[in-house]
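*Asks:* Sharing a structure here in structure tokens format.
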Amino acid sequence: MTSSLKISANDLSLTFQTNDGPVHALSDVNLDIHEGDFVSFIGPSGCGKTTFLRVIADLEQPTGGSITVNGVSPQEARLARAYGYVFQAAGLYPWRNIGGNIKLPLEIMGFSKSEQQQRVTRVLEMVDLAGFENKFPWQLSGGMQQRASIARALAFDADILLMDEPFGALDEIVRDHLNEQLLELWAKTNKTIGFVTHSIPEAVFLSTKIVVMSPRPGRVTDVIDSPLPKGRPLEIRDTPEFLEVAQRVREGLRAGHSYD
Amino acid sequence: MTSSLKISANDLSLTFQTNDGPVHALSDVNLDIHEGDFVSFIGPSGCGKTTFLRVIADLEQPTGGSITVNGVSPQEARLARAYGYVFQAAGLYPWRNIGGNIKLPLEIMGFSKSEQQQRVTRVLEMVDLAGFENKFPWQLSGGMQQRASIARALAFDADILLMDEPFGALDEIVRDHLNEQLLELWAKTNKTIGFVTHSIPEAVFLSTKIVVMSPRPGRVTDVIDSPLPKGRPLEIRDTPEFLEVAQRVREGLRAGHSYD
Amino acid sequence: MRSVFPVLTVLAVIVGLWWAAVAPMNIRPALDIAERSGVAVVPEGSVTRRDVSVWRLMLDNRESIAIGYQLDRPRLPTPSQVGEEFWKTTGEMVAKGRAFSKRSLLYHSWITLRSTFWGFLLGTTFGILGAVAIVYSRVTDMSLMPWAIVSQTIPIVALAPMIIVLSNQVGIDGRGVPKAIISAYLCYFPVLVSMVKGLRSPTASELDLLKTYNASGGQSFWKLRLPASVPYLFAALKVGVAAALVGTIVGELPTGAISGLGARILIGDQFGTPLAIWSALFAAAILAGILVTLIDLIQRAVLPRMGFRT
Amino acid sequence: ADDVTLQLKWVTQAQFAGYYVALENGFYEEEDLNVTILPGGPDIAPTQVLAGGGADVTVEWMPAALAAREKGLPMVNIAQPFKSSGMMLTCRKDAGVESTDDLAGKTLGVWFFGNEFPFLSWMSQLGLSTDGGEDGVEVLKQGFNVDPILNGQAACVSTMTYNEYWQVIDAGLTPEELTTFKYEDQGVATLEDGLYALEENLADPAFEDKMVRFVRASMRGWKWAEENPDDAALIVLDYDETGAQTEGHQTRMMGEIAKLTAGSNGALDPADYERTVASLLAGDSDPVITSAPEGAWTHAITDAALN
Amino acid sequence: MSWFIASLVFWICAWLLNIRLASSKASDTLAVRIIVPLLFGISILVLWEGLVRGFEVSQVILPAPSQIGATFAGSLETLWVDFQQTVLKGALRGFAIGAAAAFFTAILIDRSSFLTRGLLPIGNFVAALPIVGIAPILVNWFGFDWQSKAAVVVVMVFFPILVNTVQGLREADTMQRDLMRTYAAGYTQTLLKLRLPAAMPFIFNGLKIATTLALIGAIVAEYFGSPIRGMGFRISTGVGSLSIDLVWAEIAVAALAGSAFYGIVAFIEKRVTFWHPSQRG
Ligand SMILES: Nc1ncnc2c1ncn2[C@@H]1O[C@H](COP(=O)(O)OP(=O)(O)OP(=O)(O)O)[C@@H](O)[C@H]1O
Ligand SMILES: Nc1ncnc2c1ncn2[C@@H]1O[C@H](COP(=O)(O)OP(=O)(O)OP(=O)(O)O)[C@@H](O)[C@H]1O
Ligand SMILES: Cc1ncc(C[n+]2csc(CCO)c2C)c(N)n1
Ligand SMILES: [Mg+2]
Ligand SMILES: [Mg+2]
């Protein structure tokens, strides 16, 4: 953990004003994320995972505390195009083919046509979708769509990748496969990744740091630095180290959970 | 396994005729399910899990082989109201409140008003939803909706409970909790349960029998009788027996899986 | 495709019912004619017959029923009479090389079509611009939307004569412009409603995605909102073009239009030539069919090319 | 050439033959006028078009013009090509109408839109209420055709001698089966089809001069039409854009119209005017106009045009 | 001219006020939701008044709102008679008959997939036709009184409601239907407990479209013959006798009646389809 500080939240709070009164989506969150970290956020529904990611990406304004990204405010970081954001559903535009979808951010950021094409080819290879450039999203399976959406986030050189339950809708086998690919990609690019998930094994398998959150009000209840090595075969999930981390996460979760 | 035969499929096949040619959703499936069994169906997307459950419930007509339920045809069993079916999405009618939704089958089957009320109260308690009778579905969380939908299937005395990925949309913690409740319920009522899932731990945790399926054409590749005892605390999932069964399921799955 | 047979069957049944209905509908004038030509009719006298049911009349005067199928001014013409009249004012005109003579329905359809086109263009333009304003400005949304609904409850026919006079006042003569205005008035609303829906159809996360790219307002309009609204646009255009046609014809009724299908209906009424009304109605129906089909064809060509599944 | 726009009261038909003849035969051109004829229609109010500036001069019936004048629109009669009225009420004998005494309790079809005034004053002179009931008459707003009398919805309908009456005949009813009440015969005739312009426009000498030339050419047209009814009918037919008029119809209509224009050289007969005003003022309860109008006509144009 | 400028100033001020209201914190309250459009409407009226007075537009061409208001207040009796004739007798009865006929036809058609496939395209097509054109024919058939107006309205509202209802009845998704099947529910039970409730949003969509059509149909039909009362009668003859202010008063009645009718249907819709996402927002 000698790498530089990427994201730093200090006593961060966010309260939504709703008709039924205020909702404390985040309260007093303190968290440091370093360059190259793979941070998973896990916690029951409504604990503020999405909200926290959105605050990082300047899609939501905190109501208390402070947060810096790359040493500046989230807004400045967004204007500097620091973020690649992957939403739960692939969120590809149906009227653009896969290539067009990946070009979208590139067009907006004013890359030249030839540069756009180069990058599309490169990232499609990266996510194993070479040859699908001219297909439309609905012609692809859910897993492939999700990979295309990751490719879109990779196409420009955002150095922070934020992923909000990107694999939530996929079945376990496809998910395993994408998890492996994601780790590979992360190893290749050394991006900083923030990753929301509901699945304990997924969180443990992927992350260098697991943030366990709990709702009402949304807060961080545990931050677990994973002792697992960087290179991780799927089989690592049957090792005692893995199970131990998983157990700790599960306990953290159970503690903060309520049923209604 | 001294109990009587509930469902028996012999060389069961089902082929859908589509515009792109025939789809063999099920081919030569042989399976016996006994009274009081808890059978999980697991397998990659498109392997025919849903189709099989639908054939049992007479929602789909097989194109080959034979199947009997309670010794008669699925249609006769359906007309005798043998099934409680729980769909993947809760599928509650939004224009009825929770009580109304649970009363739906009771109204159709001609229960008296007072009997209806009694049963609603009883099943709501069973699934931990007492007090929510007058709420509308959209006012409840996903987990609560799913429980209401289970309550609906329990309200009349169907002796076969068919559940198609009932917990697919829920987070792991809620899922664990519902799994425990489902086991309790099963123990109390001794119903025969058919249960589709994508999650290996879930399948292993719940079932007395795990049916592993594989696609193109949909067929049963493995039937695993679980050695686990009937009473199962959550912790059982960390025992070697559990992991062993899980490993066998995983291998069965991996063998039948393809990626595109 | 699989509904071709049912549709044809239903059409055949409708034509059959229509043909059968001619007898009771026309029995009274038929008996009047028979009586005048000296045939014995039970009961006698057109006024006494008014109290007798048509079924009774048909039973008692079976041999005169046939006359009802050949009336010059039928209350209900037979399908073949309408077809004949339609052919006389279209196909036969073309054959004579007078397709665009004033007696040809093609000419009148063309007049109506022209106003419909301008009304449609005006209406969709306003509808789309209005929708953009409503989607992008909250004040416009709050102040305009309720009035858009109220506007559709105003009987436009009432305004038609005044629209003519007012456009005269500002120096526009001719009936074309007022007709197009009325047509646009009926056309803009469905377009507006549908486009508001369409422009608002992008999900919050689709919009957020662009925000993370720091996209400008214009970029998010052209790259997201507009393409996302295209399927809604086509749905709107189909309703809109039908509404524009209704508008033109309604506009031709009370504005004393002298040409166009609406005028034909009106004149047919004034001169007591029901066949002219019926054939104009058929021409209007065919025109509506062509217009809607045309948009449907464009939609079928455009949407898949844009990646939408239809 | 000076532009003149003429608004007709109704669709292109022989009723307006004079104007079309003048246009076709170049009489307007000879007067250095460039005339546009706007056909009317069921919902075109010539008065309103005049008020809106859509026309310089309009063909209108005097009751409507006087009523408009009372509403504050200063219309002035500048010429009166029609001497007599063609209005009548056509009734079926088999519905029990033989004389005006039989009208009570019957249903009558009447034209509105400014054309109802002669009827209303006639009824009030007969002492018949128009609100229905035993001793009143039930009034229908007649549409644009004579169907109500044909299918028995009304005992009588309004007709013009030159148009709708013949539609009734064409539909198969014979004159013997019908009772007709001509407004002329009933003594309630009002002036029809005069030319009207706005007072303020007439104050302008240039406009006045234009009108003089217009009226002169129009009257030439009318006289030509009276002498050549068949040719006039064909000219009208040429200008009919609806394509719905037929030669037989128009020739017959021209013949009837000629009877109505025959007595007029274009100048308004003040006696006719007085009779019209008296008739309109006559209603006891609800007269069409409340006081005798001032300055509703002028001889200035016809004097200049015809001498 | 100063009238016009003053009204323009008023209009701009109202607009600025609306901008403030719409972006204020209270912008979601019911009061603001009513005030903003109301203010907008009033400012249009003021602009109209200013325009008419400023440019001295003749009252036989465009009367000022104030004058229309005065005429309205002065002719309440006439307006009431016309309202009864056109709205209560013609439009509402036609609407009720047409809606009921369409509804039951839809249920009949729905039982046979052959009929559905045969009639639905035709229904869709007819719904797009300029049906007002048949008004003269129906006046000829059904006489001059309200019956012919109601008949026009019946035909006009029939197809939109039919098409929407048939589509709505198909709306219940497979899962919801399968559920009924597992209960071995009969046709009527499925219809009453599943398909009709699921169809309600569609049915109301059709009803809402039909409300505006009903009024237009009843009024247009009066152009082709009517007794001497009714809104269409008054409007069509009012222009001829230059009672433009009365015409506008009738237009105001039509707009009020139409909006009220629409509002009532929308209100019932809200109560019946309270569960639908579009109503929950
Ligand atoms: N725009 C908003 N307005 C009001 N409340 C909101 C808003 N967005 C989120 N919330 C509330 O804030 C809390 C945290 O929401 P958030 O979406 O961050 O949860 P989450 O952890 O992502 O949950 P999930 O796992 O269901 O996605 C929830 O109670 C939610 O209802
Ligand atoms: N009604 C249908 N018509 C045609 N093909 C169908 C139909 N229903 C299912 N299929 C096909 O049959 C196969 C089996 O489908 P089924 O829904 O049973 O799979 P599944 O195992 O439930 O998958 P999943 O996990 O995605 O729910 C698939 O290839 C599917 O596309
Ligand atoms: C709605 C309607 N209003 C008035 C007339 C009367 N009208 C004006 S000019 C003219 C002469 C031509 O027939 C007639 C009859 C009508 N026919 N229809
Ligand atoms: Mg979330
Ligand atoms: Mg399935």
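The values are calculated or read from the model by the stated rules, or taken from the named source; none is laboratory data. Because the structure is predicted, anything quoted here is derived from the model rather than measured. Note that we place each Cβ from the backbone using ideal geometry, even for glycine, and neighbour counts take in every protein chain shown.
*Asks:* If you go through the range C:269-282, how many residues are buried (at least 21 other Cβ atoms within 10 Å of the Cβ) and either more than 7 Å from every other protein chain (Cβ to nearest Cβ) or in contact (Cβ under 8 Å) with a residue 24 or more places away in the chain (or both)? Write out each step before concluding.
*Replies:* Looking only at the range C:269-282, we keep the residues that are buried (at least 21 other Cβ atoms within 10 Å of the Cβ), and these are C:269-272, C:274, C:276-281.
Subset that is either more than 7 Å from every other protein chain (Cβ to nearest Cβ) or in contact (Cβ under 8 Å) with a residue 24 or more places away in the chain (or both): C:272, C:274, C:276, C:278-280.
Residues that pass the stated criteria total 6.
*Asks:* Shifting gears a bit: What pairs come out if I take residues in the range B:77-102 that are within 7 Å of another protein chain (Cβ to nearest Cβ) and pair them with residues that are among the β-branched types (Val, Ile, Thr) and within 16 Å of ligand 2 (Cβ to nearest atom) whose C-beta lies under 9 Å away, six or more apart or interchain?
*Replies:* Short answer, once both residue conditions are applied: B:Tyr83/B:Ile56.
*Asks:* Using the structure shown, decide if C:Ala263 is surrounded by 20 or more Cβ atoms within 10 Å (Cβ to Cβ) and either outside any helix (DSSP H, G or I) or more than 14 Å from chain D (Cβ to nearest Cβ) (or both).
*Replies:* no
*Asks:* Considering (1) within 16 Å of ligand 5 (Cβ to nearest atom); (2) among the acidic types (Asp, Glu); (3) within 13 Å of chain A (Cβ to nearest Cβ), say which one B:Glu180 fails and leave the rest.
*Replies:* Of the numbered conditions (1) within 16 Å of ligand 5 (Cβ to nearest atom); (2) among the acidic types (Asp, Glu); (3) within 13 Å of chain A (Cβ to nearest Cβ), the odd one out for B:Glu180 is (1).
*Asks:* So E:Val87 fits all but one of (1) of a type in the set (Val, Ile, Thr); (2) within 12 Å of chain C (Cβ to nearest Cβ); (3) in contact with a Phe, Trp or Tyr (Cβ under 6 Å, 6 or more places away or on another chain); what number is the exception?
*Replies:* The number of the failed condition is (3).
*Asks:* If you take the residues of the range A:185-211 that are away from ligand 1 (no atom under 16 Å from the Cβ) and closer than 16 Å to A:Glu244 by Cα, which of them is farthest from the other protein chains (Cβ to nearest Cβ)? Full working, then the answer.
*Replies:* Initially, the range A:185-211 is screened for residues away from ligand 1 (no atom under 16 Å from the Cβ), giving A:185-193, A:201, A:204-209.
Checking which are closer than 16 Å to A:Glu244 by Cα leaves us with A:201, A:204-209.
Values: A:Pro201: 9, A:Val204: 12, A:Phe205: 14, A:Leu206: 15, A:Ser207: 16, A:Thr208: 21, A:Lys209: 19 Å.
Restricting to residues being away from ligand 1 (no atom under 16 Å from the Cβ) and closer than 16 Å to A:Glu244 by Cα, the top hit is A:Thr208.
*Asks:* Do any helices (runs of 4 or more DSSP H) entirely within the range A:1-119 hold 2 or more residues that are away from ligand 1 (no atom under 13 Å from the Cβ) and not assigned by TED's automatic domain parsing to the domain that holds A:Gly252, and if so, which?
*Replies:* On the way: elements: A:49-56, A:74-79, A:98-108.
Once the helices (runs of 4 or more DSSP H) in the range A:1-119 are filtered for at least 2 residues that are away from ligand 1 (no atom under 13 Å from the Cβ) and not assigned by TED's automatic domain parsing to the domain that holds A:Gly252, what remains is A:98-108.
*Asks:* Take the residues of the range C:97-107 that are modelled with pLDDT under 80 and within 14 Å of chain D (Cβ to nearest Cβ): which is surrounded by the most Cβ atoms within 10 Å (Cβ to Cβ)? Walk me through how you get there before you give the answer.
*Replies:* Applying the first criterion (modelled with pLDDT under 80) to the range C:97-107 yields C:97-103.
Among the residues that remain, those that are also within 14 Å of chain D (Cβ to nearest Cβ) are: C:98-103.
Values: C:Arg98: 14, C:Ala99: 15, C:Phe100: 12, C:Ser101: 13, C:Lys102: 19, C:Arg103: 17.
It comes out as C:Lys102.
*Asks:* Moving on. Is it true that D:Leu23 is more than 16 Å from ligand 4 (Cβ to nearest atom) and either modelled with pLDDT under 90 or in contact with a Pro (Cβ under 6 Å, 6 or more places away or on another chain) (or both)?
*Replies:* no
*Asks:* Moving on to the next point. Which helices (runs of 4 or more DSSP H) sit wholly inside the range E:184-277 and have at least 1 residues that are touching a helix residue (DSSP H, G or I) at 6+ places or on another chain (Cβ under 8 Å), within 9 Å of another protein chain (Cβ to nearest Cβ) and closer than 17 Å to C:Ile154 by Cβ?
*Replies:* Working: elements: E:187-190, E:196-222, E:231-240, E:244-272.
So the answer is E:196-222, E:231-240, E:244-272.
*Asks:* Follow-up question, since we're still on this one. Out of the residues in the range C:248-258 that are at pLDDT 80 or above and over 11 Å from C:Ala280 (Cβ atoms), which is nearest to the other protein chains (Cβ to nearest Cβ)? Step through it out loud before you land on a result.
*Replies:* Within the range C:248-258, the first condition is being at pLDDT 80 or above, and the residues that meet it are C:248-252.
In the following step, the residues that additionally are over 11 Å from C:Ala280 (Cβ atoms) were identified as C:248, C:250-251.
Numbers: C:Thr248: 8, C:Val250: 6, C:Gly251: 11 Å.
That would be C:Val250.
*Asks:* So if I check each of E:Ala106, E:Ala64, E:Ala102, E:Ala91, which one is surrounded by 17 or more Cβ atoms within 10 Å (Cβ to Cβ) and under 30 Å from D:Val49 (Cβ atoms)? Spell out how you get there, then give the answer.
*Replies:* Details: E:Ala106 fails: under 30 Å from D:Val49 (Cβ atoms); E:Ala102 fails: under 30 Å from D:Val49 (Cβ atoms); E:Ala91 fails: under 30 Å from D:Val49 (Cβ atoms).
Within the list E:Ala106, E:Ala64, E:Ala102, E:Ala91, the selection yields E:Ala64.
*Asks:* Where residues in the range B:123-164 are in a helix (DSSP H, G or I) and without any contact (Cβ under 8 Å) to a residue 12 or more places away in the chain, which of them is nearest to B:Leu185 (Cα to Cα)?
*Replies:* Pass one, the range B:123-164, residues in a helix (DSSP H, G or I): B:123-126, B:137-139, B:142-155.
Next cut, without any contact (Cβ under 8 Å) to a residue 12 or more places away in the chain only: B:125, B:139.
Working: B:Glu125: 11, B:Gln139: 25 Å.
The qualifying residue nearest to B:Leu185 (Cα to Cα) is B:Glu125.
*Asks:* Can I ask one more? Where the second residue is part of a helix (DSSP H, G or I) and within 13 Å of ligand 5 (Cβ to nearest atom) and the first is within 14 Å of chain A (Cβ to nearest Cβ) and lies in the range B:37-57, which pairs have Cβ atoms under 6 Å and are six or more apart or on separate chains?
*Replies:* Short answer, once both residue conditions are applied: B:Phe41/B:Lys49; B:Gly43/B:Lys49.
*Asks:* Can you work out which of the residues in the range A:62-76 that are more than 10 Å from every other protein chain (Cβ to nearest Cβ) and either surrounded by fewer than 16 Cβ atoms within 10 Å (Cβ to Cβ) or within 16 Å of ligand 3 (Cβ to nearest atom) (or both) is nearest to A:Val120 (Cα to Cα)? Working first, answer last.
*Replies:* So in the range A:62-76, the residues more than 10 Å from every other protein chain (Cβ to nearest Cβ) come out as A:62-74, A:76.
Imposing the further condition that a residue be either surrounded by fewer than 16 Cβ atoms within 10 Å (Cβ to Cβ) or within 16 Å of ligand 3 (Cβ to nearest atom) (or both) reduces the set to A:64, A:66, A:71-73, A:76.
Numbers: A:Gly64: 40, A:Ser66: 36, A:Gly71: 30, A:Val72: 30, A:Ser73: 30, A:Glu76: 26 Å.
Here the answer is A:Glu76.
*Asks:* Now a separate question. So which of C:Lys179, C:Lys211, C:Lys197 is within 14 Å of chain E (Cβ to nearest Cβ), more than 28 Å from E:Glu56 (Cα to Cα), of a type outside the set (Asp, Glu) and part of a helix (DSSP H, G or I)?
*Replies:* Matching residue, one of C:Lys179, C:Lys211, C:Lys197: C:Lys197.
*Asks:* Only one residue in B:Pro201, B:Pro227 is more than 16 Å from ligand 5 (Cβ to nearest atom) and surrounded by fewer than 17 Cβ atoms within 10 Å (Cβ to Cβ), so which one is that? Break it down stepwise before answering.
*Replies:* Working: B:Pro201 fails: surrounded by fewer than 17 Cβ atoms within 10 Å (Cβ to Cβ).
Only one candidate passes the filter, namely B:Pro227.
*Asks:* Looking only at residues that are under 13 Å from D:Thr107 (Cβ atoms) and not hydrophobic (A, V, I, L, M, F, W, C) in the range D:135-146, which one is farthest from ligand 5 (Cβ to nearest atom)?
*Replies:* In the first step, residues of the range D:135-146 are kept if they are under 13 Å from D:Thr107 (Cβ atoms); the result is D:136-142.
Next, only the ones that are not hydrophobic (A, V, I, L, M, F, W, C) stay: D:136, D:138, D:141-142.
Numbers: D:Gly136: 78, D:Glu138: 72, D:Lys141: 67, D:Gln142: 69 Å.
Selected residue: D:Gly136.
*Asks:* If you don't mind, there's one more thing I want to ask. Using beta carbons and a limit of 7 Å, which pairs, at least six apart or on different chains, have the first residue in the range A:206-230 and assigned by TED's automatic domain parsing to the domain that holds A:Glu165 and the second one among the charged types (D, E, K, R) and within 16 Å of ligand 1 (Cβ to nearest atom)?
*Replies:* Close Cβ pairs satisfying both conditions: A:Val212/A:Asp222; A:Met213/A:Lys49; A:Met213/A:Arg219; A:Arg219/A:Asp28.
*Asks:* Tell me whether the range B:181-190 contains one or more residues that are crowded, with 18+ Cβ neighbours inside 10 Å and β-branched (Val, Ile, Thr).
*Replies:* No, there is no match, as no residue in the range B:181-190 is crowded, with 18+ Cβ neighbours inside 10 Å and β-branched (Val, Ile, Thr).
*Asks:* Does the range C:186-194 contain at least one residue that is in contact with a helix residue (DSSP H, G or I) (Cβ under 7 Å, 6 or more places away or on another chain) and within 14 Å of chain D (Cβ to nearest Cβ)?
*Replies:* Looking only at the range C:186-194, we keep the residues that are in contact with a helix residue (DSSP H, G or I) (Cβ under 7 Å, 6 or more places away or on another chain), and these are C:186-192, C:194.
Filter again for within 14 Å of chain D (Cβ to nearest Cβ), leaving none.
So far as the range C:186-194 goes, no, none of its residues is in contact with a helix residue (DSSP H, G or I) (Cβ under 7 Å, 6 or more places away or on another chain) and within 14 Å of chain D (Cβ to nearest Cβ).
*Asks:* Can you say whether B:Arg175 is at pLDDT below 85 and over 22 Å from B:Asp128 (Cα atoms), as far as the supplied structure shows?
*Replies:* Values: at pLDDT below 85: yes; over 22 Å from B:Asp128 (Cα atoms): no.
Taking the combined requirement at face value, the residue does not satisfy it.
*Asks:* Can you confirm whether A:Ser112 is away from every other protein chain (no Cβ under 11 Å), of a type in the set (Ser, Thr, Tyr) and more than 30 Å from A:Ser13 (Cα to Cα)?
*Replies:* yes
*Asks:* Can you tell me how many residues in the range B:10-54 are in contact with a Pro (Cβ under 9 Å, 6 or more places away or on another chain) and either over 27 Å from B:Leu183 (Cβ atoms) or modelled with pLDDT of 90 or more (or both)?
*Replies:* Final tally of qualifying residues: 12.
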